[in-house]
Amino acid sequence: MCGIVGFVGKGDAKKFVIEALKKLEYRGYDSWGISFVEGNNLRVFKETGKISEIFPEKIQAKTRLAIGHTRWATHGGVTKLNAHPHTDCKQNIAVVHNGIINNFESLKTDLEKKGHKFISETDTEVIPHLVEENLNKNNSLLEAFQITLNKLQGDFAICLIVSKENKIYVAASGCPLAIGIGKDAKYISSDLLAFAGFTSEVVFVRDGTMAEVGENLKIYDIKTGNEKKVVFQKIPTQIHQAERGNFKHFLFKEINEQPKTLEKIVAMDQKEIETNAALIRNSFGTFFTACGTAYHAALSAEYLFARFAKMHVNTAIASEFPAFENFITDKTLLFAISQSGETADVIEAVKTARAKKAKVFSLLNNPDSTLGRLSDVVMITPAGREIAVLSTKAFTSQLGILYLLSCATAGGLDKAKKNLKDASKSVSEILKSSNIDQIKKLAQKLKNSKNLFTIGRGFNFPTALEAALKIKEVSYIHAEGFAGGELKHGTIALIEKDVPCIVFAANDETKDAILSNAQEIKARGGYIIGVSPKNHPVFDYWLKVADVSDLSPIVNIVPIQVLAYFLALEKGLDPDKPRNLAKSVTVK
Ligand code: F6R
């Protein structure tokens, strides 16, 4: 989480850092701050809220050196004092940090005993104080930085500046960090997007290394202090900021892009799909792992592979993966699914699997990401950059590719492609303005609901989970998804008059059973919203979708994505940046 940025060189550092932070706001938007050197003085400016909501023009100084941070709070509430950068007692050292310092409490207690005064509740603040402490012992700044880093337990990407040096000191362990090499400047960021358009040459700050970034660039091993070879790499120059076009919000734009992204999947290289399907087919023990929405895609994979490949694949929420790591061997295939390719828990699972010599296959939406670099095989979902915090088009793309892979393992790719093409047309149909108006009306009706439930069976059980997640994360209505048969094992106690329940009634072998479950809810006063190709007397409200057989999960989720969007609008919420969330979850 959090985005960090730095600039050193010719040009207006402060301007670059603020513009870059705006691009990285999707990584966290609780608060932000920048630090730069003016004359010989270190200046720090921070604010709570979104960068776009205040006027950075207040910061007048022109400077050739600056660091900045956009925060997703981990330790300490959303306050100005907890915003980064953090400084030492004398305000000579400023630090921005992405990650978590697990042993910060004991480090803080020690430093307090030595007289250091802390003003925030964050873990990060120990870093400038530790550097200050080590500088007091006559170490050079580089030495003080190295000693400090060796005391930190946890994950970090760090940028540090001091009042009297024209360099930025950086380090990484478990969090991404890259240095862009320009003609007259160096750009630092946790995300390549920050300097896209400025340079295509980068140096990745590898785990366990630190760097001095000034006119020259030097990289060192954190443990030994030995200098390391600087490895320059080229990044694709087409990474660019997505535009909203005629849409008011990225979320609605991205929902509307789905027919096109699904068509792109139909057009994907046949050989790539068949080769990768064979890899899954021939592997011994396949684990799918992911978080959040991507985990729902992984769960769908379990159903898809059971049906079409007649294979049992295991799925694990990435943060729970450690419980199963004893089953990973050099014959295992770990299949990681991630939109961003930067999710900390997924990266951790992949690193564990690699250490056990398992093969790693990643399905990613970001073509240049940490997970991509750690994987043996990568498939890219052709959804294009997702900016809204809610994952929509990446999710349906993941489902589309998993469907093709599962069918290809049984030699059924051509037919599967045809079915996916039909599903893409059905998604277009749902997005027609008459249907959108109908969903808008439903949002008006549901906007004051306190609780909402979603149910589905078989292929549509993961759909129910995903639908509930979409609704709760953007509208803040408490929504829970269940396998249709499960609600009566406890949760049905919460059904009372007018509690809305979305029922995914696909025209498949689960139809009769799920409609019975809908009856059970209705009998207790529940308000039934049916997502189905056919209307049914049990439905109080019917959202019509086409009958696309095994692809119903792709088609069924779309009206609920739209519903979630309009629920947010009805409640006066920002659909692109829901509270407490961030697009990339880079902490465990
Ligand atoms: C929900 C959502 C999250 C992500 C999850 C994993 O709309 O976007 O649940 O799916 O944080 O992120 P990625 O796919 O980037 O690994």
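For the range 322-338, indicate whether the set of residues that are in contact with a strand residue (DSSP E or B) (Cβ under 8 Å, 6 or more places away or on another chain), of a type in the set (S, T, N, Q) and closer than 13 Å to residue 370 by Cβ is non-empty.
Yes, because at least one residue in the range 322-338 is in contact with a strand residue (DSSP E or B) (Cβ under 8 Å, 6 or more places away or on another chain), of a type in the set (S, T, N, Q) and closer than 13 Å to residue 370 by Cβ.
Residues to consider are 108, 62; find the one that is assigned to a helix (DSSP H, G or I) and not assigned by TED's automatic domain parsing to the domain that holds residue 341.
Every option except 108 fails the conditions.
Test residue 320 against the stated conditions and say whether it is part of a helix (DSSP H, G or I) and either within 16 Å of the ligand (Cβ to nearest atom) or among the polar types (S, T, N, Q) (or both).
yes
Please report, ordered by residue number, the strands (runs of 3 or more DSSP E) entirely within the range 138-198 with at least 1 residues that are closer than 19 Å to residue 27 by Cα and open to solvent by 10 Å² or more (accessible area, probe 1.4 Å).
Output list reads 154-162, 168-173, 185-189.
Go through 532, 475 for me and flag whichever is surrounded by 19 or more Cβ atoms within 10 Å (Cβ to Cβ), under 18 Å from residue 557 (Cβ atoms), more than 16 Å from the ligand (Cβ to nearest atom) and at pLDDT 95 or above.
532
Would you confirm, using the coordinates I've provided, whether residue 346 is outside the structural domain of residue 560 (by TED's automatic domain parsing), of a type in the set (A, V, I, L, M, F, W, C) and either in contact (Cβ under 8 Å) with a residue 60 or more places away in the chain or open to solvent by 50 Å² or more (accessible area, probe 1.4 Å) (or both)?
No: the conditions fail for residue 346.
Test residue 42 against the criterion of being modelled with pLDDT of 90 or more, among the aliphatic types (A, V, I, L, M), assigned to a strand (DSSP E or B) and open to solvent by 10 Å² or more (accessible area, probe 1.4 Å), and give yes or no.
yes
Within the range 246-259, can you find the residues that are over 22 Å from the mean Cα position of the chain (by Cα) and touching a residue at least 12 places away in the same chain (Cβ under 8 Å)?
Residue satisfying the conditions is 259 alone.
Which residue is most open to solvent (accessible area, probe 1.4 Å), if the candidates are limited to the range 70-105 and must be of a type in the set (A, V, I, L, M) and part of a loop (DSSP other than H, G, I, E, B)?
81
Of a type in the set (Lys, Arg) and either over 29 Å from residue 562 (Cβ atoms) or not assigned by TED's automatic domain parsing to the domain that holds residue 423 (or both): does that describe residue 351?
yes
Here are the criteria: (1) surrounded by 22 or more Cβ atoms within 10 Å (Cβ to Cβ); (2) without any contact (Cβ under 8 Å) to a residue 24 or more places away in the chain; (3) of a type in the set (Gly, Ala, Ser). Tell me which single one residue 490 does not satisfy.
(1)
Filter the helices (runs of 4 or more DSSP H) completely within the range 218-301 down to those with at least 2 residues that are over 30 Å from residue 576 (Cα atoms) and open to solvent by less than 80 Å² (accessible area, probe 1.4 Å).
270-281
Among the numbered criteria (1) more than 16 Å from the ligand (Cβ to nearest atom); (2) at pLDDT 95 or above; (3) among the hydrophobic types (A, V, I, L, M, F, W, C), which one does residue 487 miss?
The one condition residue 487 does not meet is (2).
Kindly indicate which of 557, 514 is within 16 Å of the ligand (Cβ to nearest atom) and surrounded by 16 or more Cβ atoms within 10 Å (Cβ to Cβ).
None of the others qualify; the one that does is 557.
The values are calculated or read from the model by the stated rules, or taken from the named source; none is laboratory data. Just so you know, these numbers come straight off a predicted model, no measurement behind them. Cβ atoms come from the backbone with ideal geometry, glycine included; neighbour counts cover every protein chain shown. Ligands, DNA and RNA are stripped out before the accessible areas are found, and what is left, the full protein with its side chains, is counted by its heavy atoms. Shrake-Rupley method; radii C 1.70, N 1.55, O 1.52, S 1.80 Å.
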